[in-house]
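All of the numbers you see were taken from the coordinates with simple rules; none came from a lab. This is a predicted model, so every value here is computed, not measured. Virtual Cβ from ideal backbone geometry, glycine too; neighbours counted across all protein chains shown.
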Amino acid sequence: MSLKLLTFSILFMTGASLSAAELLLKPFALTYAVLDNGKEIGEAKVELKKLKNERFSYSSTSVGTAGLAALLGGKITEKSELEWTGIELRPVSFTYEQHFALRTRKQNGSFDWAANTATGSNKDKRWSQSLKGRTINRQLVDLFVAQSVASGEAQIQFDVLDRGDIRHWRFKVDGPEELITRAGTFSTIRVLRIRESEDGRETRMWFAPSLGNIPVRVSHTEKDGRGLSLDLKVKPKG
């Protein structure tokens with residue numbers, strides 16, 4: 001299975017005594033259960049750290065703990081660096097590594113906002129892309145969706161850079177839902193990804209305002225009906 005589907009980012013909104021960047025991002029460390037059709041087969045850990053000069057480091061690690069994912073030593077690590085410009089949050093660079101058995105796949109990229117370009121490599125192949133609008137790397141999708149939800153946006157869209165290609169992603173707020181997770185029951189805001197083709201795939205995210213709009217669950221349904229999801233295991237403190 002693709003463990004990349006199982007790594008997601010988190011957004012915290014906090015009090016008025018913090019700097020501009022800290023109002024959007026508060027350091028955290030969280031743990032999620034990785035589920036395949038409801039059966040726990042792995043664990044995902046995410047961490048956000050504040051760096052110097054209004055920069056942040058976001059990292060995520062997903063490890064297979066049961067079934068085929070564990071047997072093959074499945075592991076994915078991702079890391080992104082972001083910056084707060086005083087007006088907006090934007091990505092600076094990212095790395096990605098996927099390990100299965102004896103196979104390893106790597107990709108990386110960096111953003112040059114002065115030149116409106118992004119460059120990097122995927123499987124040792126170099127790529128370059130022009131940036132024409134609001135563009136983020138794939139690891140940061142839920143972070144920016146959460147930010148948009150917290151701002152009251154009902155229709156959300158941006159360009160997503162992945163493996164050297166840029167695609168336009170759209171989301172919509174799909175309504176409130178009382179959701180039971182491993183970490184407890186939460187009143188959430190449900191968000192649905194809007195896809196251009198109706199091929200049976202579906203991606204949903206549930207954000208909990210009481211926890212600072214972090215996603216307490218993210219689920220993806222494949223064409224064949226297989227369900228992959230992340231479920232918050234422990235309620236964060238504070």
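Counting each DSSP H run of 4 or more residues in the chain as -39500 (n - 2.57), what helix-only mean residue ellipticity at 222 nm follows after dividing by all residues, to the nearest 500 deg cm²/dmol?
Computed ellipticity for the chain at 222 nm equals -2000 deg cm²/dmol.
Just how large is the dipole of the chain about the Cα centre, in debye to the nearest 20, putting +1 at every Lys and Arg Cβ and -1 at every Asp and Glu Cβ?
480
Mind listing the Cα extents of the chain along all three principal axes, in Å, largest one first?
Principal-axis extents of the Cα atoms in the chain, largest first: 46, 44, 36 Å.
Which whole-Hz couplings ³J(HN,Hα) result when phi for each residue of region 218-229 is put into the Karplus expression 6.51 cos²θ - 1.76 cosθ + 1.60, θ = phi - 60°, listed in order with x for Gly and Pro?
Once rounded to whole Hz, the list reads 9, 10, 9, 10, 7, 4, 7, x, 5, x, 10, 7.
Give the percent of DSSP beta bridges with both residues in the chain that are antiparallel, rounded to the nearest 5.
Antiparallel bridges make up about 95 percent of those DSSP assigns within the chain.
Considering only DSSP states other than H, G, I, E and B, which trypsin sites (Lys or Arg not before Pro) in region 26-57 qualify as loop sites with at most 14 other Cβ atoms within 10 Å? Before the final figure, lay out the partial values.
On the way: sites: Lys39, Lys45, Lys49, Lys50, Lys52, Arg55; in loops: Lys52.
Within region 26-57, the qualifying trypsin sites (Lys or Arg not before Pro) (loop, at most 14 other Cβ atoms within 10 Å) are Lys52.
Tell me the label-point distance for the pair Thr31, Thr85, using the 7 Å Cα-to-Cβ offset, in nm and rounded to one decimal.
The modelled label-to-label distance comes out at 3.9 nm.
Multiplying the sequence separation of Arg103 and Asp165 by 0.36 nm and subtracting their Cα-Cα distance, what value in nm do you get?
20.1 nm
At q = 0.09, 0.16 Å⁻¹, what is the log10 ratio I(q)/I(0) for region 105-238, with the Debye formula run over Cα points and no solvent?
Results for region 105-238 at q = 0.09, 0.16 Å⁻¹ read -0.32, -0.93.
Assuming 0.36 nm per residue, please report the length gained on full extension of the stretch Ser121 to Lys235 beyond their Cα-Cα distance. Don't skip to the answer; put the middle values down first.
On the way: separation 114, 0.36 × 114 = 41.04 nm, distance 3.70 nm.
Computed gain between Ser121 and Lys235 is 37.3 nm.
HN-Hα J couplings of region 45-59 from phi, Karplus 6.51/-1.76/1.60, θ = phi - 60°, integer Hz, Gly and Pro as x?
10, 10, 8, 10, 10, 8, 9, 7, 6, 6, 10, 9, 10, 10, 10
Remind me, relative contact order of the chain in percent, using alpha carbon pairs under 8 angstrom and six or more residues apart?
Worked out over the chain, it gives 17 percent.
Lys132 versus Thr221, label points 7 Å from Cα toward the beta carbon: distance in nm?
Those two pseudo-labels are separated by 3.3 nm.
Taking every Cα atom in region 174-221, find the radius of gyration and the maximum pairwise distance Dmax, and write them in Å.
Spelled out, the Cα radius of gyration and Dmax of region 174-221 are 11.6, 35 Å.
Where does each of Thr117, Thr203, Thr188 land when they are ranked from fewest to most other beta-carbon atoms within 10 angstrom?
Values: Thr117 13, Thr203 18, Thr188 23.
Lowest to highest Cβ neighbour count: Thr117, Thr203, Thr188.
Past 22 Å, Cα to Cα, is the threshold; run Lys45/Lys75; Lys45/Lys79; Lys39/Lys235; Lys45/Lys172 against it and keep the listed order.
Lys45/Lys172
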